[in-house]
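**Q** Have a look at this one.
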Amino acid sequence: MRKLWLTLFLLGALQPMPSFAVQPEEILKDPVLEARARALSAELRCMVCQNESIDESNAPLAHDLRVLVRDHLKAGDSDAAIRQFLVARYGDFILLKPPFKAETLLLWGTPLLVLFAGGIGIAFAARRRSVSSSTVLNSEEQARLAGLLKK
Amino acid sequence: MIVETGHYALVLALALALVNSIVPVWGARRQDLSLMAVAPAAALMTFLLIGYAFFALTYAHVVSDFSVLNVVENSHSAKPLVYKISGVWGNHEGSMLLWVLILAIFGAAVALFSRGMPDDLRANVLAVQSWIGAAFLLFILLTSNPFARLAVPPAEGQDLNPLLQDPGLAIHPPLLYLGYVGLSITFSFAAAALISGRIDAVWARYVRPWTLIAWIFLTLGIAMGSYWAYYTLGWGGFWFWDPVENASLMPWLAATALLHCAAVMEKREALRIWTIFLAILAFSLSLIGTFLVRSGVLTSVHAFATDPQRGVFILVILIAFIGGSLALFALRAGELKQGGIFAPVSREGALVLNNLLLTTACATVFVGTLYPLALEAITGEKISVGAPFFNATFIPLFLPLFIAMPAGQMLAWKRGDLLGAAQRLVIALACGLVAALIFAAWQGAPWVSYCLAGLAVYVVVGSFTDVATRVFGRGASLSEAFRNAIGMPRSAWGTAFAHAGLAVTLLGLAATGWGVDRVLTVKPGETVNLGPYEVSVTGLVQKQGPNYNALVTPAVIRSGGVEVARIEPANRFYPSRKMSRAEAGIATLGFGQLYMSISGTTPDGGIDARLYWKPLVTLIWIGALVMGFGGALSLSDRRLRIGVARRARVSPVPNAQPAE
């Protein structure tokens with residue numbers, strides 16, 4: 001389990017802790033395929049865990065999914081095809097990087113939105129600031145200035 | 001008996017906090033000094049009472065009083081003493097008690113160390129602090145009583161979760177809470193300023209040390225937690241974009257932004273509205289973090305719905321404080337006058353850019369953390385937002401921040417010269433470029449790693465460029481330079497160190513790309529090649545600990561046949577909880593670490609092991625220490641100490657140092 005901070009707070013909800021994720025016997029002989037398997041696993045969620053990828057998780061489900069991914073890789077499937085297969089089976093929930101679509105528009109859009117809105121806000125504030133402190137003097141100030149200059 | 005007196009002390013503390021919530025505010029309105037004088041005394045007394053309650057719970061844990069439910073659930077008579085003590089806050093009730101204790105410590109600190117402050121400001125600050133205290137004391141007493149007794153005490157306790165039986169638990173939560181809860185002071189200052197309607201540079205000067213203290217502890221607490229996760233979890237990860245981690249990162253981002261814009265307010269009286277808003281935001285995010293981790297809403301929306309008592313209580317506190325302060329803010333913000341003016345290219349402008357990027361980063365983390373919860377609650381659709389999302393959104397926001405950081409330091413207040421700043425950064429840029437090339441030649445791919453490493457070196461050099469030119473400027477001799485260095489305002493050194501520290505962390509993060517990891521089954525006597533090292537497993541031993549038994553595989557690390565270190569990765573089993581925990585074997589070699597953890601044995605005598613070589617990995621946490629050091633330097637700056645402003649008013653110092 002990697003939720004250290006969480007365990008601190010949600011002690012009751014803890015399951016017994018097995019040690020770690022990928023097991024030696026799961027590893028593929030072909031290093032290129034194995035590297036692809038690892039990269040792909042890091043993007044897939046272990047659905048019974050909290051925000052853990054199947055690469056990190058110790059849950060039996062994660063083990064089954066890792067083997068499944070590797071079986072598909074051995075069968076020659078592309079990464080995209082495997083992802084598609086898993087989404088069809090388990091839904092978007094399995095992707096740690098949510099797909100870009102209507103429901104996630106706000107999620108993906110937030111950084112740009114805040115940056116944009118903030119930028120506009122700053123520009124307006126700056127303009128207001130320079131207008132409010134404009135260098136035009138009113139008549140009283142003009143008179144005082146004239147008086148000062150005469151001295 | 002002691003346990004009951006602890007409970008009683010907590011009830012008294014609540015009563016006192018309620019008194020202190022009202023009397024000082026009333027006194028401040030009527031300008032009645034005797035009513036306002038209640039605040040510091042009551043704050044100190046509240047601290048003593050909560051301190052006593054905390055002591056009582058600690059006592060019950062230390063003597064293993066198994067008639068107390070909290071002790072039964074989290075302790076064991078055979079547990080080492082240090083974990084009996086740290087176990088006090090290793091559970092919900094105890095950690096909430098620590099939360100209010102730290103809140104009371106900060107209240108008492110304000111009462112003690114702010115004699116120079118205007119009376120009404122201090123009275124209002126302590127009153128707001130008491131509102132928070134009263135709300136959380138009520139929460140503890142009504143929903144999470146740590147002193148509950150059992151009618152039939154068991155003979156033995158259930159022990160503490162093995163993951164928490166670690167020095168990390170002794171240090172990490174107190175540090176993190178000092179940061180988290182420390183932001184309550186800036187919040188109280190903001191609320192007090194809004195109540196009294198006086199928001200000026202003097203206010204910013206009083207808040208600054210408190211923000212700095214909270215920021216330092218938050219920085220160290222997050223780093224400590226990350227290192228703890230790294231060495232206990234057994235697979236070498238150190239940051240997971242987990243909601244609970246995000247809950248501490250958000251206040252850190254807000255507090256960092258606050259530190260920077262408070263500097264503008266202090267020096268130039270500009271950005272006042274924004275500073276107050278950030279002060280409210282930073283603590284609000286702390287409260288949201290507390291809600292997230294305490295309510296169980298993270299496990300699932302449904303778990304929250306089935307046992308909502310605690311969650312709803314904190315949610316009410318959250319809404320009351322955030323809503324109340326924002327309403328007050330909306331009422332008062334319009335009255336604030338414009339502060340000093342500045343050109344877009346200026347120190348102020350750079351700090352505005354810093355705030356824009358940090359706030360956007362904070363909003364990104366916020367939405368990423370809460371979006372799945374909100375979407376599920378509204379449409380029922382489940383999505384996951386994990387590390388790949390944050391890597392794709394958060395990192396692009398931080399890159400411009402790194403690029404702009406040294407340049408911002410170079411710009412003058414009011415109106416800066418971008419070209420001049422760039423010219424002064426030529427050396428830093430050259431260093432960064434050369435470093436990137438060196439790293440590319442030395443460690444090679446991936447390109448992201450050596451580019452980021454170059455960026456990090458540029459920021460480190462750039463952070464010190466301004467200080468260096470001031471120290472060695474105009475061909476100063478060595479002794480002159482030394483005198484210049486001593487005479488420089490410590491806050492200038494602090495800025496340089498804090499910025500450089502962040503860059504050091506970046507270098508550590510960049511280096512993760514050069515790591516090597518292997519998952520394999522080894523047999524005693526076998527040797528494994530790992531990066532520049534050879535690791536030989538020498539045996540497989542059983543060991544007996546106080547409340548666990550362990551499987552240990554001693555290993556020798558050699559470099560070119562020469563022994564450089566020995567490690568003993570182990571797997572511990574705790575019978576009382578029927579849980580096991582990997583105890584990684586870690587050897588620090590230079591700034592890198594060789595990391596090995598074992599999970600179990602195979603029937604034919606092999607050991608399932610995971611080995612990593614992580615070059616420069618320690619820089620991630622060293623960088624945080626450097627950041628904290630920078631913060632401490634800045635805090636020690638004499639000009640910014642609390643009360644100095646007042647003394648200066650009484651007797652103006654003729655040779656006052658020029659403002660930066």
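The values are calculated or read from the model by the stated rules, or taken from the named source; none is laboratory data. As the structure is a computational prediction, the values presented were derived from the model and not from experiment. In this analysis, Cβ positions are derived from the backbone assuming ideal geometry, glycine residues included, and neighbour counts consider all displayed protein chains.
**Q** Against the definition (modelled with pLDDT under 85 and within 11 Å of another protein chain (Cβ to nearest Cβ)), how does B:Gly340 come out, yes or no?
**A** In short, yes.
**Q** Take the residues in the stretch A:107-134 that are hydroxyl-bearing (Ser, Thr, Tyr) and in a helix (DSSP H, G or I); name whichever of them is modelled with the highest pLDDT.
**A** Only one residue fits best here, namely A:Thr110.
**Q** Moving to a separate point now. Taking the stretch B:556-590 as the search range and keeping residues that are away from chain A (no Cβ under 11 Å) and in contact (Cβ under 8 Å) with a residue 40 or more places away in the chain, which one is nearest to the chain's Cα centre (by Cα)?
**A** Taking the candidates together, the pick is B:Ile586.
**Q** Which is within 14 Å of chain A (Cβ to nearest Cβ), part of a helix (DSSP H, G or I) and either at pLDDT below 95 or surrounded by fewer than 20 Cβ atoms within 10 Å (Cβ to Cβ) (or both), of B:Ala111, B:Ala170?
**A** Answer to the check: B:Ala170.
**Q** Restricting to the stretch B:355-374, what's the tally of residues that are at the interface with chain A (Cβ under 7 Å from one of its Cβ atoms) and among the polar types (S, T, N, Q)?
**A** Result for the stretch B:355-374: 3.
**Q** Does B:Val626 satisfy being out of contact with any Cys (no Cβ under 6 Å at 6 or more places or on another chain), outside the structural domain of B:Ala255 (by TED's automatic domain parsing) and more than 21 Å from B:Ser226 (Cα to Cα)?
**A** The answer is no for B:Val626.
**Q** Let me ask something additional. For B:Val202, are the conditions met, namely being within 14 Å of another protein chain (Cβ to nearest Cβ) and either more than 19 Å from the chain's Cα centre (by Cα) or surrounded by fewer than 24 Cβ atoms within 10 Å (Cβ to Cβ) (or both)?
**A** no
**Q** Just need a number here: residues in the stretch A:87-106 that are within 18 Å of B:Thr364 (Cβ to Cβ) and either more than 9 Å from every other protein chain (Cβ to nearest Cβ) or modelled with pLDDT of 90 or more (or both).
**A** Of the residues in that region, 2 qualify.
**Q** Scan the stretch B:121-165 residue by residue and report those that are within 14 Å of chain A (Cβ to nearest Cβ) and surrounded by fewer than 17 Cβ atoms within 10 Å (Cβ to Cβ).
**A** Passing the criteria: only B:Gln158.
**Q** With respect to B:Thr58, determine if the residue is surrounded by 24 or more Cβ atoms within 10 Å (Cβ to Cβ) and either modelled with pLDDT under 95 or part of a helix (DSSP H, G or I) (or both).
**A** Answer is no for this residue.
**Q** It is to be established whether one or more residues within the stretch B:267-274 are surrounded by fewer than 24 Cβ atoms within 10 Å (Cβ to Cβ), over 27 Å from B:Phe321 (Cα atoms) and touching a residue at least 24 places away in the same chain (Cβ under 8 Å).
**A** yes
**Q** Please work out which one of (1) modelled with pLDDT of 50 or more; (2) under 21 Å from B:Ala570 (Cα atoms); (3) touching a Phe, Trp or Tyr at 6+ places or on another chain (Cβ under 8 Å) is the condition A:Arg45 fails and give its number.
**A** In the conditions (1) modelled with pLDDT of 50 or more; (2) under 21 Å from B:Ala570 (Cα atoms); (3) touching a Phe, Trp or Tyr at 6+ places or on another chain (Cβ under 8 Å), A:Arg45 misses (2) alone.
**Q** I've got another one for you. Does any residue of the stretch B:39-48 turn out to be among the polar types (S, T, N, Q), modelled with pLDDT of 90 or more and in a helix (DSSP H, G or I)?
**A** yes
**Q** Run down B:Ala282, B:Ala204, B:Ala263, B:Ala254 and say which single residue is in contact with an Asp or Glu (Cβ under 6 Å, 6 or more places away or on another chain), closer than 30 Å to B:Ile341 by Cβ, outside any loop (DSSP other than H, G, I, E, B) and touching a residue at least 24 places away in the same chain (Cβ under 8 Å).
**A** B:Ala204
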